[in-house]
Amino acid sequence: MTEISDPQWSRLADAARRASANAHCPYSRFCVGAAVLTGDGGIAVGCNVENASYGLTVCAERNAVSRAVADGARSLDAVVVYTPTAEPVTPCGACRQVISEFGREVRIRCICDGPGVLEFGVADLLPGAFAFTPR
Ligand code: THU
């Protein structure tokens, strides 16, 4: 498992907080930010992008993963998700599945406006993730 250093965690936390300011969330007013650390040491950010057709909303974590992949990443080491809450909030099930596509040992930290921080491995949050090897 790749060790994430304290300076890397704090860069990710700052990036996730900053990204939340760009969230498009006029319906929920719940502005989420995420930052991912890629296997090659890069950082990509995402925010939630809501839609008037509510089901088309995409979470901050999945947008950050898509951006990392579009930038050339093929694996992830860590994800930080920031929510504007008093207690940390964990990623939704869809985001857990998408994160697990890019590494079974991805570390996930959940940060918020309070002092609480939660940290998990993606496999703790999504045991038995769907996976298959195409023929
Ligand atoms: N949201 C995220 O961005 N990440 C999550 O893990 C859960 C929920 C967003 C989706 C929606 O825009 C808002 O939070 C309220 O559900």
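The values are calculated or read from the model by the stated rules, or taken from the named source; none is laboratory data. Worth saying up front: this structure is predicted, and the values here are computed from it rather than measured. Please note: Cβ atoms are built from the backbone with ideal geometry, for glycine as well, and neighbour counts cover all protein chains shown. What goes into the accessible areas is simple: the full protein's heavy atoms, side chains included, and nothing from ligands, DNA or RNA. Shrake-Rupley method; radii C 1.70, N 1.55, O 1.52, S 1.80 Å.
Listing for the model above:
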quantity	calculated
Search result, residues across region 28-40 that are open to solvent by 50 Å² or more (accessible area, probe 1.4 Å) and more than 7 Å from the ligand (Cβ to nearest atom)	R29, D40
Cβ pairs under 8 Å, 6+ apart, first in region 9-30 and part of a helix (DSSP H, G or I), second open to solvent by 10 Å² or more (accessible area, probe 1.4 Å) and of a type in the set (S, T, Y)	A13/Y82; A16/Y82; R17/Y82; A19/Y82; S20/Y82
Only one of V98, V89 that is in a loop (DSSP other than H, G, I, E, B) and surrounded by 15 or more Cβ atoms within 10 Å (Cβ to Cβ)	V89
Meets criteria (within 19 Å of S28 (Cβ to Cβ) and touching a helix residue (DSSP H, G or I) at 6+ places or on another chain (Cβ under 8 Å)) for A131	no
So R67, is it outside any loop (DSSP other than H, G, I, E, B), touching a residue at least 60 places away in the same chain (Cβ under 8 Å) and open to solvent by 40 Å² or more (accessible area, probe 1.4 Å)	no
Verdict on R135 being open to solvent by 50 Å² or more (accessible area, probe 1.4 Å) and modelled with pLDDT under 95	yes
Residue check, I108 assigned to a strand (DSSP E or B) and modelled with pLDDT of 95 or more	yes
Test: residue in region 46-62 that is more than 10 Å from the ligand (Cβ to nearest atom), touching a residue at least 12 places away in the same chain (Cβ under 8 Å), aliphatic (A, V, I, L, M) and buried (at least 22 other Cβ atoms within 10 Å of the Cβ)	no
